[in-house]
Amino acid sequence: MRNCLLILILLCSTFSHAAEREPEAYLKMLNQALKLIQPAHQLFADQAEELHNQIGQLCQSPSEDSLQTTRNQWRKTMESWMKVSVIQFGPLLENDSRLRIQAWPIRARLLTMGIKQLETAEAPPTLEQIAQGTVAVQGLPALEALLFRTDALSGLQQGQACAAAQTIAEHLIVLANTLNQRWQNEFGRDFADPVNTPGGFDTPQEAFDEYMNGLVTAVQQIKRRKLEDPLGLAGKPGKAGATESYLSENSRDNLHNNLTALILYLTGGEGYGVDDDLIAQDPDSIAVLVLDDRIKGITKYNKQLTMPLEALVKPATPEAEAQREVAESIFKELSLLNKAFENQIFEALGVTRDFNSEDGD
C-alpha cells in the first residue's frame, strides 16, 4: 500500500510539474512553428495554381513536351502538399480537406470508375459538381490518374477528360487557398497567440498540445500507410499498387518530403524547436537523447532511400533488397519515435496526449 501511495505521489508531482511550465516556452515554439507553417501553405497554394495553369496549356496545345511539363508541375505540387500534410490538426481536418486534396489510400477501382464517369459525361463537370462529388474525383490522386496513366496524352483528348482535369485542378486551388487563408489569418493568429486572440485555443499549452499531437498522428500515418501496409511489414502481403502515388512512381519522393518536413517542424528549422526546448530544460535528459537519436536515424535513412517503394514490395535485384532494408530501417525509426513521444518527450514538454490517434500505437 505504501508503495502504491509513493507511486501516486510521484505521478501527481510529475503532472503538476508539467502543468506549471511558463506559457512563454510554448509561445516561443508556437511562433517559430508558424514561421514554417505559413510559407509551406503559401507554397502549396502557389503550386496548385501553377498546376491549373499548366493543365490549361496542355489541353490547349497537347504534346508530349507539354504533358511532361504538366507532370513535373504535378510533382512539385505534390512535394509542397507533403510538407503541409504532416500538420494533422486545425484547418486540414475541417470539411474533409485532407481527403479532398488526397484521398489515399483509395481503391483503384473507385478512382478508375470516377474518372471514367467524368470522361464519358455529356457535358464537362462544373466546379460545384466536383466539390460535391466523391473524393475519388478530387485532388491530386485524380489528377495523377489523368496525367500518368498509359496513353495519357491521347486519353486527355477523349470526351471530357481535359475539361475534367482543368476543373479538378481549379477545385484544388480552392482547397489550397482555403487552407492558406486560414493559416495566414485567424487560425494562424490564434495558434501563435491564443491568450490575446479570440479563437479555439484558450492557452498556449492547448495550442501546443494540438500541434504536437498532430505531428504524432503524421508519424503514425507515414509509418503505417506508406511503409507497413504497402510493404507488408506487419505480416500481411504487400502490394505495389498500395504504395502512394504508384502511377507516377512518386512514392519515394513523397516519403522523403514528408520526413524532411517532420524533422523541420520538430527542430524548428533555424529557430527554436522542440529539441531546443528539451535541451533548455535538461541537456542530459533521456528525452533529449532519444529525440536526437531518432532525428539522426530518420535523416540518415531518408537520404539513403533512392528507389520507388513499389520496387521494394517484391525486390527483384540485390539493390532493391538493400533498399528495402533501408525502408524497414525508416519504419523502425518511426516506431521508436512514436514510442519516445509517448514515454519521454510528451512528459518532458508538458503535453497532454490525445489517444484518438491514427493507429492506436
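Quick look at the values:
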| quantity | calculated |
| --- | --- |
| Residue in the range 287-296 that is under 19 Å from Met78 (Cβ atoms), over 20 Å from the mean Cα position of the chain (by Cα) and modelled with pLDDT of 95 or more present | no |
| Pair list, Cβ under 7 Å, 6 or more apart: the range 236-250 residue at positive phi, other residue buried (at least 16 other Cβ atoms within 10 Å of the Cβ) and assigned to a loop (DSSP other than H, G, I, E, B) | Glu249/Pro308 |
| In the range 61-74, the residues that are part of a helix (DSSP H, G or I) and either outside the structural domain of Leu156 (by TED's automatic domain parsing) or surrounded by fewer than 20 Cβ atoms within 10 Å (Cβ to Cβ) (or both) | Glu64, Asp65, Ser66, Leu67, Gln68, Thr69, Arg71, Asn72 |
| Checking Ile263 against (1) among the β-branched types (Val, Ile, Thr); (2) under 16 Å from Lys223 (Cβ atoms); (3) touching a Phe, Trp or Tyr at 6+ places or on another chain (Cβ under 7 Å), the condition it does not meet | (3) |
| Enumeration of residues in the range 106-118 that are farther than 12 Å from Ala145 by Cα, of a type outside the set (A, V, I, L, M, F, W, C) and surrounded by 15 or more Cβ atoms within 10 Å (Cβ to Cβ) | Gln117 |
| Qualifying residue in the range 304-320 (condition: among the basic types (Lys, Arg), under 24 Å from the mean Cα position of the chain (by Cα) and modelled with pLDDT of 95 or more) | no |
| Tally, over the range 131-169, of residues that are surrounded by 20 or more Cβ atoms within 10 Å (Cβ to Cβ) and within 23 Å of the chain's Cα centre (by Cα) | 15 |
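Listed here are the residues, each with its yes/no results for (1) out of contact with any helix residue (DSSP H, G or I) (no Cβ under 6 Å at 6 or more places or on another chain); (2) closer than 19 Å to Glu128 by Cβ.
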| site | (1), (2) |
| --- | --- |
| Pro141 | yes, no |
| Ala145 | no, no |
| Ser154 | yes, no |
| Gly159 | no, no |
| Ala163 | yes, yes |
| Ala169 | no, yes |
| Leu172 | no, yes |
| Asn177 | no, yes |
| Gln181 | yes, no |
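So that you can scan it fast, the table gives a plain yes or no per residue for (1) modelled with pLDDT under 95; (2) surrounded by 12 or more Cβ atoms within 10 Å (Cβ to Cβ); (3) assigned to a loop (DSSP other than H, G, I, E, B); (4) on the phi < 0 side of the Ramachandran plot:
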| site | (1), (2), (3), (4) |
| --- | --- |
| Leu11 | yes, no, no, yes |
| Ala25 | yes, yes, no, yes |
| Pro39 | no, yes, no, yes |
| Ala48 | no, yes, no, yes |
| His52 | no, yes, no, yes |
| Cys59 | no, yes, no, yes |
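Conditions (1) in a helix (DSSP H, G or I); (2) touching a Lys or Arg at 6+ places or on another chain (Cβ under 9 Å), marked per residue:
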position	(1), (2)
Leu93	yes, no
Arg98	yes, no
Pro105	no, yes
Leu110	yes, no
Gln129	yes, no
Ala136	yes, yes
Leu146	yes, no
Ser154	yes, no
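Okay, residues lined up against (1) modelled with pLDDT under 95; (2) not polar (S, T, N, Q); (3) not in a helix (DSSP H, G or I):
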{"position": "Ala163", "(1), (2), (3)": "no, yes, no"}
{"position": "Gly188", "(1), (2), (3)": "no, yes, no"}
{"position": "Pro198", "(1), (2), (3)": "yes, yes, yes"}
{"position": "Phe208", "(1), (2), (3)": "no, yes, no"}
{"position": "Tyr211", "(1), (2), (3)": "no, yes, no"}
{"position": "Ile222", "(1), (2), (3)": "no, yes, no"}
{"position": "Asp229", "(1), (2), (3)": "no, yes, no"}
{"position": "Gly241", "(1), (2), (3)": "yes, yes, no"}
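The values are calculated or read from the model by the stated rules, or taken from the named source; none is laboratory data. Note that the structure is a prediction, hence the values are computed from the model and not measured. Cβ sites come from the backbone with ideal geometry, for glycine too, and all protein chains shown count toward neighbours.
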